[in-house]
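Chemist: One structure, pasted below without further comment.
Derivation of every value follows stated rules applied to the coordinates shown; laboratory data play no part. These numbers come from a predicted model, not from an experiment. Backbone-built Cβ (ideal geometry, glycine too); neighbour counts: all protein chains shown.
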Amino acid sequence: MFNISDTICAICTPKGTGAISVIRISGTESWKIGQKIFSQTQYPILNTQYSFEHMYAQHGYIKDNDKTIDEVIILPYKAPNSFTTEDTVEIFCHGGLQVTSQVLDLCLKHGVRQAKNGEFTFRAFVNGRIDLTEAEAINEIISADNEKAVSIASQILSGSLKDKIVGFREKLLNLITSIESSVEFPMDIADMSKEEVVANLKNIQSEIGELIKDSREGLLLREGIKVSIVGPTNAGKSSLLNQLLESERAIVSDEPGTTRDTVEEKILIDGWSVILVDTAGIREKDSASKSEKMGIERSKQSIQNSDIVLGVFDLTNKSHDQSEFSNLIKDKSKIIIGNKVDLVDTSNISKNGFDILISAKNGDNITQLKKLLIEKASSLFNTRHSILPLEARLAKGGNTQYCYINQRQKELLIQCNSAIENSTDLANKNISEDLISDELKNAISKLDEISGRTISDEVIKNIFAKFCIGK
Ligand SMILES: Nc1nc2c(ncn2[C@@H]2O[C@H](COP(=O)(O)OP(=O)(O)OP(=O)(O)O)[C@@H](O)[C@H]2O)c(=O)[nH]1
Ligand SMILES: [Mg+2]
């Protein structure tokens, strides 16, 4: 797939102008090439003799023979103490498009190959510095668009998932050893009874089951919590969307039925990624036009697809009846909002049935609404671990680490658990130990695909293709 004996190089910083750009060279030839193209600044006072040293930054010039290309800082790393575990050189040059590509071209001229997407991380993986879960976490950190997604990925990068997978693997291997030795030495006292084997398998299965169950939460944190703004026409839904976004994103008008299609926007509230969906007002279909009816159908669909519903009602409109909506949103986590509080005398309003009274027009109580929304969002999570502060997590019997698996890992864990289930069935039916241990080996092979211990080139290619060049 990738030739790992070549020396490779790439620009590691984003394309464009900036204060500095970083060019990384990795492989056996990297120090030799670095030394060829770099000339150290002469410091007469220090009178130093220049040579490359691990993690010792030097100031100087990148030169193509006598022609100076740029003034730079160069930083060599000696194998195995680098990102890739190979000899590596990083050049910090000025961040112009032209100058950066000239430095890169000079490296290429000296026989280095341009790195492909994710090739540096791939080397860190094949050279055993990180496993595949950690490689995937690096890419997640780079692409994360909210604080929570970064925090999940950093936990995994620090080995939280790797440790779990290694733990499951060890337990399954021990069981295989125990089962196989009872076949080879049947007269010996088996170190585990059939009941014990089954109980152990059930434990592993349930630990894996927890990881699978919690993956939904990871998705909410990574991709954002879907919040639909629904209610009767003219209640102020689009005004609320605009108020939350702090921009005039949706059309607001006093004409009922203004919003026809759903309008979706992502915002960050307190480090949470929230996908807000403004919907068409729901009213009797008889009074709605054909396109509005289609919009109403979409609103209903949006309610089904959302994690939280904001039900908006106009406090000045007596016909805004919440009961009509109660069926539509009964199974949903929701906040019922009385809007246009600026137009009513609050002493005459019964707060009954409303969680909060706001003015979407002038922003009254919007900060409190955001707080309520975050409380609702937090309640979607398993209090045992997740995003709670460490102390709260420990108080609930959770642990210091949490990890949310991605879709690829989830599919493999489901397959792993079904192989464990099969082996439990076989054990319960007293079917041959060989078949039981074959199923357990199959379960281990799924764990090995997660960590990358054994995995097809095709899957590796797909994973690293998602990385950018230079990573
Ligand atoms: N005074 C006052 N007027 C508001 C408030 N919120 C919305 N309005 C007004 O109510 C009218 C309807 O507002 P929209 O935000 O378009 O209502 P909507 O629920 O999106 O309406 P549809 O898209 O037709 O379903 C507009 O004239 C807004 O200016 C509020 O809090 N106070
Ligand atoms: Mg609207």
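Chemist: Which one, T316, I444, V150, projects farthest toward the positive side of the charge dipole computed for the chain from Cβ point charges (K/R +1, D/E -1)?
Modeler: Value: T316.
Chemist: For A250, list long-range residues whose amide hydrogen, built 1.01 Å from N in the peptide plane, is under 5 Å from its own amide hydrogen.
Modeler: Hits under the 5 Å cutoff: N242.
Chemist: Can you list the residues, at least 5 places off or on another chain, whose amide H is less than 5 Å from the amide H of I269, using H built in the peptide plane?
Modeler: V274
Chemist: How do the peptides 413-419, 174-180, 210-216 rank, highest first, by the average count of neighbouring beta carbon atoms within 10 Å per residue? Walk me through the numbers on the way to the answer.
Modeler: Working: 413-419: 19.3, 174-180: 17.6, 210-216: 16.0.
The peptides rank, most packed first, as 413-419, 174-180, 210-216.
Chemist: Does segment 116-157 come out rounded, prolate or oblate, given a ≥ b ≥ c as the square roots of the eigenvalues of its C-alpha gyration tensor, rounded meaning a/c under 1.5 and, failing that, prolate meaning a/b above b/c?
Modeler: Values: a/c = 4.31, a/b = 1.76, b/c = 2.45.
Because a/c hits 1.5 or more and a/b fails to exceed b/c, segment 116-157 counts as oblate.
Chemist: If you average the C-alpha positions of segment 289-306 and of segment 216-241 separately, how far apart do those two centres end up, in angstrom?
Modeler: Measuring centre to centre over Cα atoms gives 14 Å.
Chemist: While we're looking at this one, here's another question. Given 0.36 nm per residue, what is the gain on full extension from T316 to L380 after removing their alpha carbon distance, in nm?
Modeler: Working: separation 64, 0.36 × 64 = 23.04 nm, distance 3.24 nm.
Residue separation times 0.36 nm, minus the Cα-Cα distance, leaves 19.8 nm.
Chemist: Starting from the Cα gyration tensor of the chain, take the square roots of the eigenvalues, sort them a ≥ b ≥ c, and report rounded, prolate or oblate (rounded when a/c is under 1.5, otherwise prolate if a/b is larger than b/c, else oblate). Spell out each step's value before the answer.
Modeler: On the way: a/c = 2.75, a/b = 1.27, b/c = 2.16.
Here the chain falls in the oblate category.
Chemist: If R0 is 41 Å, what FRET efficiency do you get for D163 and S432 from their C-beta distance, rounded to 0.05?
Modeler: Numbers: r = 33 Å, r/R0 = 0.81.
Working from the Cβ atoms, E equals 0.80.
Chemist: Beyond 18 Å, what share of the Cα-Cα pairs of segment 194-247 is found? Please give it as a whole percent.
Modeler: Value for segment 194-247 (Cα pairs over 18 Å): 63 percent.
Chemist: Rounded to the nearest 500, what is the 222 nm mean residue ellipticity of the chain from helices alone, with -39500 (n - 2.57) per DSSP H run of 4+ residues and division by all residues?
Modeler: On the way: 15 runs with 209 residues, N = 471.
Mean residue ellipticity at 222 nm (helix-derived): -14500 deg cm²/dmol.
Chemist: OK, next. What list of ³J(HN,Hα) couplings, whole Hz, do you get for segment 437-442 from phi and the Karplus terms 6.51, -1.76, 1.60, once you set θ to phi - 60° and write x for glycine and proline?
Modeler: These are the phi-based 3J(HN,Hα) values: 5, 4, 5, 5, 5, 4 Hz.
Chemist: Quick one: grab the alpha carbon gyration tensor of segment 8-131, order the square roots of its eigenvalues as a ≥ b ≥ c, and give me rounded if a/c is under 1.5, else prolate or oblate depending on whether a/b is larger than b/c.
Modeler: Values: a/c = 1.87, a/b = 1.28, b/c = 1.45.
Oblate shape, in that a/c is at least 1.5 and b/c is the bigger or equal ratio.
Chemist: Considering only DSSP beta bridges whose two residues both sit in segment 223-379, what percent are antiparallel, to the nearest 5?
Modeler: Values: 7 of 25 bridges.
About 30 percent, rounded to the nearest 5.
Chemist: Next question. Give me T121, T346 ranked fewest to most by other Cβ atoms within 10 Å of their Cβ, as a rough exposure proxy. Can you show the working numbers first?
Modeler: Numbers: T121 23, T346 11.
Listed from fewest to most nearby Cβ atoms, that is T346, T121.
Chemist: Right, another one. To the nearest 0.05, what FRET efficiency results for S326 and S418 with a Förster distance of 25 Å applied to their C-beta separation? Before the final figure, lay out each step's value.
Modeler: Values: r = 40 Å, r/R0 = 1.59.
The computed FRET efficiency comes out at 0.05.
Chemist: Can you tell me the length gained on complete extension of the stretch I275 to Q35, counting 0.36 nm per residue apart and subtracting the Cα distance?
Modeler: Working: separation 240, 0.36 × 240 = 86.40 nm, distance 5.07 nm.
Gain in length upon complete extension: 81.3 nm.
Chemist: Express the Stokes-Einstein translational diffusion coefficient of segment 223-379 in µm² s⁻¹, to the nearest whole number, given a Kirkwood radius over alpha-carbon pairs, 4 °C and a viscosity of 1.567 mPa s. Walk me through the numbers before you get to the answer.
Modeler: On the way: Rh = 15.4 Å.
For these conditions, the coefficient is 84 µm²/s.
Chemist: How large is the charge dipole for the chain, taken about the Cα centre, if only the Cβ atoms of Lys, Arg (+1) and Asp, Glu (-1) carry charge, to the nearest 20 debye?
Modeler: Details: 55 positive and 66 negative charges, 184 e Å.
Here the chain has a charge dipole of around 880 debye.
Chemist: Using a Förster distance of 35 angstrom, determine the FRET efficiency expected from the C-beta separation of A57 and Q114, and round it to 0.05. Walk me through the intermediate numbers first.
Modeler: Numbers: r = 25 Å, r/R0 = 0.70.
After rounding, the FRET efficiency stands at 0.90.
Chemist: Let me ask another. Return, ordered by residue number, the residues of segment 1-24 whose backbone nitrogen is under 17 Å from a label point located 7 Å along Cα→Cβ of A465.
Modeler: 1-3
Chemist: Tabulate in residue order the Karplus-calculated ³J(HN,Hα) for segment 325-341, using 6.51 cos²θ - 1.76 cosθ + 1.60 with θ = phi - 60°, rounded to whole Hz; enter x for Gly and Pro.
Modeler: The phi angles translate into 8, 4, 5, 5, 10, 4, 8, 9, 6, 9, 10, 9, 10, x, 9, 6, 5 Hz.
Chemist: Determine the gain in length on full extension of the stretch Q407-I251; use 0.36 nm per residue of separation and subtract their C-alpha separation, reporting nm with one decimal.
Modeler: On the way: separation 156, 0.36 × 156 = 56.16 nm, distance 3.69 nm.
That pair, Q407 and I251, stretches by 52.5 nm at full extension.
Chemist: Using θ = phi - 60° and the Karplus relation 6.51 cos²θ - 1.76 cosθ + 1.60, list the HN-Hα couplings for segment 203-212 in order, rounded to whole Hz, with x at every Gly or Pro.
Modeler: 4, 4, 4, 6, 5, 5, x, 4, 4, 5
Chemist: Tell me, V309, V344, V103 in order of fewest to most beta-carbon neighbours within 10 Å? Please report the intermediate quantities before stating the final value.
Modeler: Details: V309 27, V344 15, V103 21.
Final ranking by Cβ density, sparse to dense: V344, V103, V309.
Chemist: Near the amide H of D70, under 5 Å away, which other amide H atoms are found, from residues 5 or more places off or on another chain, if H is placed in the peptide plane?
Modeler: Residues meeting the criterion, in which the H sits 1.01 Å from N, are I62.
Chemist: Mind sorting I204, I431, I450 by how few other Cβ atoms lie within 10 Å of their own Cβ, fewest first? Could the numbers behind the result be given before it?
Modeler: Values: I204 20, I431 12, I450 27.
By the 10 Å Cβ count, ascending, the order reads I431, I204, I450.
Chemist: Give me the distance in nm between label points sitting 7 Å out from Cα along the Cα-to-Cβ direction at S154 and E170, one decimal.
Modeler: The modelled label-to-label distance comes out at 2.7 nm.
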